[in-house]
Amino acid sequence: MVGRTDRLIRWYPAMVRMLILASLLVTPIAAAAASAKTFRQQSGLLTYEPPNWFLEGYFIAREKNPRYVFGPVKTFVSTFCSRTTWLIEDFELERLKQAAKDGEKPEYTLFLEAVLPEGIQYLVFVVLPYESTQAWFDARRAFHGRKAKGYYGETQKKLERARSHGLKIKAELRFLIERGNTSPKVPENVIMGRHKIKPVFDLGADRGLDSDVKTK
């Protein structure tokens, strides 16, 4: 009986440490879940299943003069070891439904919610339904007018080069939201630096960086 008591005394500190570690792991997860729920409610975000053509497409992560092409989108999402959820704003979903009735395919915004060890991050994508870079540029010109050529002209040339290599760019990672605030950092720099995401195509050098991308 004494020996058993001694063993319990020796194991007690270890058991306490294990319980403390478990609580430390559970607490951030619970806090993250509560934070995500609050953000979704405040932003009117609903779960959403993106179309396959978007998930199978490639994306850029810098609005003006992107340096690289990444993807496909579904491959990028799979690199996150944590839980991810696609979300869409409620009014954006209604706009999409109306556009479908009218036979239109507009740009729209999606949020990728990623629960990371350091907290929740939202990666905000603009979905690009265009079948050509000219159609993409025309949409920018319709909004920006004469300023579009100066602002997006070089980007259009780069996207045309990527398309010539078979890369269908269906999205732009526009910005990140961290701790409830929009990050001033360029998404291209963040996903390559912090998340160690490797691009598949170098737009400046006009060459593939992935064995699956055929360079002409």
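The values are calculated or read from the model by the stated rules, or taken from the named source; none is laboratory data. No experiment lies behind these values; they were computed from the predicted model shown. Ideal geometry is used to build each Cβ from the backbone, glycine not excepted, and the neighbour counts take in all protein chains shown.
Looking at the structure I just gave you, is LYS64 among the basic types (Lys, Arg) and without any contact (Cβ under 8 Å) to a residue 60 or more places away in the chain? It is false that LYS64 is among the basic types (Lys, Arg) and without any contact (Cβ under 8 Å) to a residue 60 or more places away in the chain.
In contact with a strand residue (DSSP E or B) (Cβ under 8 Å, 6 or more places away or on another chain), crowded, with 16+ Cβ neighbours inside 10 Å and closer than 20 Å to SER183 by Cα, is that true of VAL73?
Against the criterion (in contact with a strand residue (DSSP E or B) (Cβ under 8 Å, 6 or more places away or on another chain), crowded, with 16+ Cβ neighbours inside 10 Å and closer than 20 Å to SER183 by Cα), VAL73 does not qualify.
Listed here are the strands (runs of 3 or more DSSP E) enclosed by the stretch 36-119 that have at least 2 residues being more than 28 Å from GLY208 (Cα to Cα): 45-47, 84-89, 108-116.
Screening GLU94 against (1) under 24 Å from GLY166 (Cα atoms); (2) out of contact with any strand residue (DSSP E or B) (no Cβ under 7 Å at 6 or more places or on another chain) leaves a single unmet condition, (1).
Results for (1) in a strand (DSSP E or B); (2) over 17 Å from PHE76 (Cβ atoms), shown as yes or no for each residue.
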site: LYS149; (1), (2): no, yes
site: LYS158; (1), (2): no, yes
site: GLY166; (1), (2): no, yes
site: LEU173; (1), (2): yes, no
site: LYS196; (1), (2): no, no
site: ASP210; (1), (2): no, no
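Inspect all residues belonging to the stretch 50-67 and state whether any of them is surrounded by fewer than 11 Cβ atoms within 10 Å (Cβ to Cβ), under 23 Å from GLU188 (Cα atoms), in the same structural domain as LEU159 (by TED's automatic domain parsing) and of a type in the set (Ser, Thr, Tyr). The answer is no, given that none of the residues of the stretch 50-67 is surrounded by fewer than 11 Cβ atoms within 10 Å (Cβ to Cβ), under 23 Å from GLU188 (Cα atoms), in the same structural domain as LEU159 (by TED's automatic domain parsing) and of a type in the set (Ser, Thr, Tyr). Inside the stretch 198-208, residues that are in a loop (DSSP other than H, G, I, E, B) and surrounded by 14 or more Cβ atoms within 10 Å (Cβ to Cβ) make up a count of 4.
Only a single item in (1) surrounded by 16 or more Cβ atoms within 10 Å (Cβ to Cβ); (2) under 17 Å from PHE59 (Cβ atoms); (3) modelled with pLDDT of 95 or more is not met by THR155, and it is number (3). Cβ-Cβ distances below 8 Å connect the following pairs, each with a first residue in the stretch 98-117 that is touching a residue at least 60 places away in the same chain (Cβ under 8 Å), a second residue that is in a loop (DSSP other than H, G, I, E, B), and a separation of six or more residues or different chains: LEU110/TYR48; LEU110/PRO50; VAL115/SER82; VAL115/ARG83; PRO117/SER82.
Among the residues of the stretch 117-139, is any in contact with a Ser or Thr (Cβ under 6 Å, 6 or more places away or on another chain), in the same structural domain as LYS64 (by TED's automatic domain parsing) and farther than 30 Å from SER35 by Cα? No - not one qualifying residue is present in the stretch 117-139.
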